[in-house]
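The values are calculated or read from the model by the stated rules, or taken from the named source; none is laboratory data. None of these values were measured; they are calculated from a predicted model. Every residue, glycine among them, receives a Cβ derived from its backbone with ideal geometry; neighbour counts consider all protein chains shown. What goes into the accessible areas is simple: the full protein's heavy atoms, side chains included, and nothing from ligands, DNA or RNA. Shrake-Rupley method; radii C 1.70, N 1.55, O 1.52, S 1.80 Å.
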Amino acid sequence: MARSMHRPRSNSDKTLLLLLFLPPIFFYIGYLNSTASGNVGNHLSLMEGCAQNNDSKQRSERRVAELMHKMGEGKDSSTIISSHKIFPPSTSDYATAMLHVSKQDLMQIHDFGVPFAPMARGSDAILIYNTPKAIPDDMSVRHDALYNGAKTSASTALSNCDSLNVIFTDTGHQRHDYNQCLVIAGNKLESYHLNRYERLLPMTQEFEESENKSPAFDDSAKLRHIPRANTHEEREDFPVPLSDSYKENGDVRDHWKKLLTFVDNVDAILDELKVIVDPIVKDNTVIVMTVNKGQSVLLSNFVCAARSRSFDISNVLVFPTDVEAQKVAKGLGLATYFDKINLG
C-alpha cells in the first residue's frame with residue numbers, strides 16, 4: 001500500500017514565493033504613491049493658479065482705477081469709484097443720479113433773482129436728476145452722476161435738463177444751531193411751494209398776549225407746519241387772529257374801520273386813476289406794480305434792466321406807498337399814482 005509523503009517547505013521555497021508576490025505589491029504601492037503625489041502636485045498647481053488669478057484680478061482693478069482717474073483728471077479729489085449707485089430703485093421716478101457744481105458758476109449762467117453771496121457757507125450746489133436721460137452725455141460724467149455725485153461744470157451738468165427747479169436754503173448764518181433736513185418726495189401733483197415744519201409749541205392765548213407773540217422752540221415738540229412769515233427768531237409777524245380780535249375793540253375790527261376809508265372814497269380814486277391810465281394803456285393792458293422807499297432800489301434795477309434789453313415799459317403804473325418812493329418812480333420816468341386819501 002502506497003503512502004503519500006508530505007515534505008515540509010524549505011526556506012528556499014518561501015523565498016521563491018516572496019519573490020513572486022512582492023514585485024506586484026511594490027508596483028501597486030508605487031502606483032498609489034505616484035498618484036497621490038500627482039494629486040498633491042495638481043492641488044499645488046491649482047493653488048498657484050488661483051494665486052495668479054487673484055494677482056491678475058488685482059492688477060486689472062488697479063488698471064481700471066488708473067484709467068478712471070485719468071478720465072476724471074481735474075475733478076474733485078473726493079471722487080470715489082464705486083459699484084453701488086447713489087440712489088436706490090425706489091426713488092428712480094424722481095431721483096436717479098446726482099452731481100455737484102460750483103454755486104458761483106451756476107449763478108453766472110442763470111439769473112435766479114437773488115444776489116450771489118460770496119461769504120455764504122457752502123460753495124457748491126447739488127443737482128439731482130429724475131431720469132437717466134437728464135444726465136450729461138459724457139460717459140465719465142454719467143458714471144460720476146450715478147455712482148459718486150462728483151463735481152463738474154454747471155454748463156455740463158445742465159446740458160440735458162429740460163426744466164430746472166431751484167431751492168435756496170439757509171446755509172447756517174441765521175440758524176447755525178438748528179438741525180435742518182430737506183425732504184424731496186415724488187408726487188403726482190407737483191408743488192412749487194416750500195413747506196416749512198419746525199418743532200414749535202402751538203400758538204396759545206399766552207403767546208398771543210405776549211409782547212413778541214413768539215411760540216417757543218422745543219426740541220421735544222412735534223414738527224408742525226409754520227407760516228412763511230415766521231422770522232429766524234421764530235416770531236410770527238402775521239399771526240392768525242384769535243377770537244378776541246373780532247371784538248368791538250379788537251385788531252380785526254380796527255382793520256375793518258381802516259378799510260372803510262378806502263370803500264368810502266373808491267369812486268374818487270377811480271376817477272383820478274382814469275386820467276393816468278388812459279394815456280398809457282396798450283392792448284387793453286396796464287402793468288401794475290407797487291413799491292416803498294425801502295424797495296426803491298429794486299425798482300431802479302428793474303427799470304434799468306428792462307431798458308437795457310429794449311423792453312417796452314411805457315404801460316407800467318406804479319403805486320408807491322410813500323412820498324419818497326413816488327419821487328423815485330417819477331424820476332425813472334414811470335407813471336405813478338399815490339393814494340393820499342389812504343396813505344397820505
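Observations on the structure shown:
- Consider segment 96-114 and keep the residues that are at pLDDT 90 or above and of a type in the set (Gly, Ala, Ser). The one that is most open to solvent (accessible area, probe 1.4 Å) is SER102.
So that you can scan it fast, the table gives a plain yes or no per residue for (1) of a type in the set (A, V, I, L, M); (2) in contact with a Cys (Cβ under 9 Å, 6 or more places away or on another chain); (3) open to solvent by less than 60 Å² (accessible area, probe 1.4 Å):
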residue	(1), (2), (3)
LEU127	yes, yes, yes
THR131	no, no, yes
VAL141	yes, no, yes
ALA145	yes, no, yes
SER153	no, no, yes
THR156	no, no, yes
ASN160	no, no, yes
ILE167	yes, no, no
VAL183	yes, no, no
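- Sole exception among (1) open to solvent by less than 60 Å² (accessible area, probe 1.4 Å); (2) closer than 17 Å to SER163 by Cα; (3) of a type outside the set (D, E, K, R); (4) assigned to a loop (DSSP other than H, G, I, E, B) for ALA117, by number: (2)
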